[in-house]
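Starting off with a structure, shown below.
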Amino acid sequence: NESVGQTFHIALGPSRTWTEIYETMAEVFGFDRPCFVPATTDYIARWDPNLAATIRGDKMNSCIWSQEKIRRFVPDAYERVSLADGFRRAARWYSNHLTEVKIDRAKDQLMDRIIESVTRNRAPVTVQIGNRDAPSRLVW
């Protein structure tokens, strides 16, 4: 069998970026569209080297996972549960197992401090739009 010894990333269905995954999660759980706060892994490492170590690798870069290889070996493979339905199922499970859910309050507080630091210390971004005759500036 040609598949023996092969490594596969199995994520059937349409390819998605991390942004699309988090936006779907927010929609399913009824939150506003997520506001992404850019922080480098090195910046996070200054706050918590162990947390930064968990980010290095696939969480560090925005990318799209390809299903091309698995489809060569299993042409009939397909997504049986949509991403949104998978999140709904997970939410139901968690709501039925609240005693098993462990919230890491210290990690939540750390994330809040990192986000606050990034947004407080971030220089405004100025984007010039329009043309030389009718310039507009957008600052945020």
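The values are calculated or read from the model by the stated rules, or taken from the named source; none is laboratory data. Values in this document were obtained by computation on a predicted structure and should not be read as measured data. Heavy atoms of the whole protein, side chains included, go into the accessibility calculation; ligands, DNA and RNA do not. Shrake-Rupley method; radii C 1.70, N 1.55, O 1.52, S 1.80 Å.
If 100, 20 are ordered by their accessible area, calculated over protein heavy atoms with a 1.4 Å probe, which sequence runs from highest to lowest?
Values: 100 105, 20 80 Å².
Sorted by accessible area, descending: 100, 20.
Between the range 69-126 and the range 1-40, what's the alpha-carbon centroid distance in Å?
Between the Cα centre of the range 69-126 and that of the range 1-40, the gap is 9 Å.
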